[in-house]
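The values are calculated or read from the model by the stated rules, or taken from the named source; none is laboratory data. Since this is a predicted model, take the numbers as computed values, not measurements. Cβ placement follows ideal geometry from the backbone for every residue including glycine, while neighbour counts extend to all protein chains displayed.
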Amino acid sequence: MRRTSFKVSIVIPNWNGKELLKKNLPQVLAAVGTYEIIVVDDCSDDGSADFLQVYKQIKLIKNTFRCGFAASVNKGVAAASGDIVVLLNTDVVPARDFLTYLLPHFNNEQVFAVGCMDRSHENGQIVLRGRGLGGWQHGFWQHRRGEVDKTDTDWVSGGSGAFRKSIWQKLGGMDEIYNPFYWEDIDLSYRAKKAGYSLVFEPHSIVDHFHQSGGIKTAFKPDYIKKISYRNQILFVWNNLTSWSLSIRHFLYLLYHIFRAILKRDMAFIFGFMAACKLISQVALSRRRNRISDLKSDWEL
């Protein structure tokens, strides 16, 4: 792959990740060299901000109130001076040469984002992730892990991926309706593909991802995580779906899922649906913004 001359910024969102930063930041610094590094601290109370003061080469942005993942990332990208912004979670450790394989893809001006090979450490095993597949099934956008032997992907992870800032700005960045976490990177990737841009999975750009030690798994109860996941899956559909036939399917299946959740006492789904309904005015704003850049239909995706 030929060399590039892109200016690069690394953005790391952090919430109570001091111990992860202590462990992983030296390896991040070794991998990115002299590139700009921005850490956005989302009102940590574990001393993260004080710890980061030691690293003079890091630009620290401190939120004045808890914003959530999407809002923190948007702040970091807005402050970045690079043409390409690489997002890394605090529980991610990149290989020293991971940028060597990521950056050349951006020589193609239609490429919006490139995802890494995510060596996900799960229950004592390593699962290779990073390539995602998705499609409209039973009224919802269903996503799943894709095999890592191909380079096409339906989304690029906000925890280990590179993004072209100029297109990020055109798309409006991550939709903060998904705060505090989940679905914001799938939503951004979907909007990018709908606007005609390309996404790439790069299997030679390797990162190790220690999910179990990340902030979400350690700080939130499983029922709350499940509720937010349901809420944001519903919001994704309401934000993006424009096909009338798919919309009818969605609302019919939504009624089915609500009835099924009541019978099974799946309160996480019920509460997730109710939480989505409370954000309906924000959904209207998101839909208005998204329609501006649409070039492809939902069926094409």
Of the conditions (1) surrounded by fewer than 23 Cβ atoms within 10 Å (Cβ to Cβ); (2) within 17 Å of residue 233 (Cβ to Cβ), the single one that residue 155 does not satisfy is (1)
Failed criterion for residue 1 (all others in (1) at pLDDT 95 or above; (2) hydrophobic (A, V, I, L, M, F, W, C); (3) outside the structural domain of residue 183 (by TED's automatic domain parsing) hold): (1)
Return the pair list, or none, for Cβ contacts closer than 6 Å from residues in segment 244-258 that are within 17 Å of residue 287 (Cβ to Cβ) to residues that are among the aromatic types (Phe, Trp, Tyr) and surrounded by 12 or more Cβ atoms within 10 Å (Cβ to Cβ), at least 6 apart or on different chains. 246/136
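Taking segment 62-91, which residues are of a type in the set (A, V, I, L, M, F, W, C) and either crowded, with 19+ Cβ neighbours inside 10 Å or within 20 Å of residue 118 (Cα to Cα) (or both)?
The initial filter retains those residues of segment 62-91 that are of a type in the set (A, V, I, L, M, F, W, C), namely 65, 67, 69-71, 73, 77-80, 84-88.
Answer for segment 62-91, where residues must be of a type in the set (A, V, I, L, M, F, W, C) and either crowded, with 19+ Cβ neighbours inside 10 Å or within 20 Å of residue 118 (Cα to Cα) (or both): 67, 69, 70, 71, 73, 77, 80, 84, 85, 86, 87, 88.
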Which one of 54, 39 is in contact (Cβ under 8 Å) with a residue 24 or more places away in the chain, outside the structural domain of residue 228 (by TED's automatic domain parsing) and not polar (S, T, N, Q)? 39
I'd like to check something: does segment 86-93 contain any residue that is touching a Cys at 6+ places or on another chain (Cβ under 8 Å) and not acidic (Asp, Glu)? no
Does segment 259-301 hold any residues that are outside the structural domain of residue 239 (by TED's automatic domain parsing) and modelled with pLDDT of 95 or more, and which are they? none
So is residue 245 within 21 Å of residue 136 (Cβ to Cβ) and either over 20 Å from the mean Cα position of the chain (by Cα) or modelled with pLDDT under 95 (or both) or not? yes
Give segment 135-145 a look and list any residue that's surrounded by 12 or more Cβ atoms within 10 Å (Cβ to Cβ), in contact with a strand residue (DSSP E or B) (Cβ under 8 Å, 6 or more places away or on another chain) and within 23 Å of residue 250 (Cβ to Cβ), or say none. 136, 141, 142, 143
Got a sec? Which of 230, 256 is in contact with a Gly (Cβ under 6 Å, 6 or more places away or on another chain) and either in the same structural domain as residue 23 (by TED's automatic domain parsing) or not polar (S, T, N, Q) (or both)? 230
Flag if residue 236 is crowded, with 17+ Cβ neighbours inside 10 Å and touching a strand residue (DSSP E or B) at 6+ places or on another chain (Cβ under 8 Å): yes
Those residues of segment 259-301 that are out of contact with any strand residue (DSSP E or B) (no Cβ under 9 Å at 6 or more places or on another chain) and surrounded by 15 or more Cβ atoms within 10 Å (Cβ to Cβ) come to a total of 16
Within segment 158-177, residues surrounded by fewer than 22 Cβ atoms within 10 Å (Cβ to Cβ), among the charged types (D, E, K, R) and in contact with a strand residue (DSSP E or B) (Cβ under 8 Å, 6 or more places away or on another chain) come out as 165
Inside segment 112-134, the number of residues satisfying the requirement of being on the phi > 0 side of the Ramachandran plot and either surrounded by fewer than 22 Cβ atoms within 10 Å (Cβ to Cβ) or in contact with a helix residue (DSSP H, G or I) (Cβ under 8 Å, 6 or more places away or on another chain) (or both) is 2
Any idea which residue in segment 178-220 is surrounded by the most Cβ atoms within 10 Å (Cβ to Cβ), counting only those that are farther than 30 Å from residue 45 by Cα and among the aromatic types (Phe, Trp, Tyr)? 201
Checking the structure you have, find out if any residue of segment 196-215 is free of Cβ contacts under 8 Å to residues at least 40 places away in the same chain, at negative phi and part of a helix (DSSP H, G or I). no
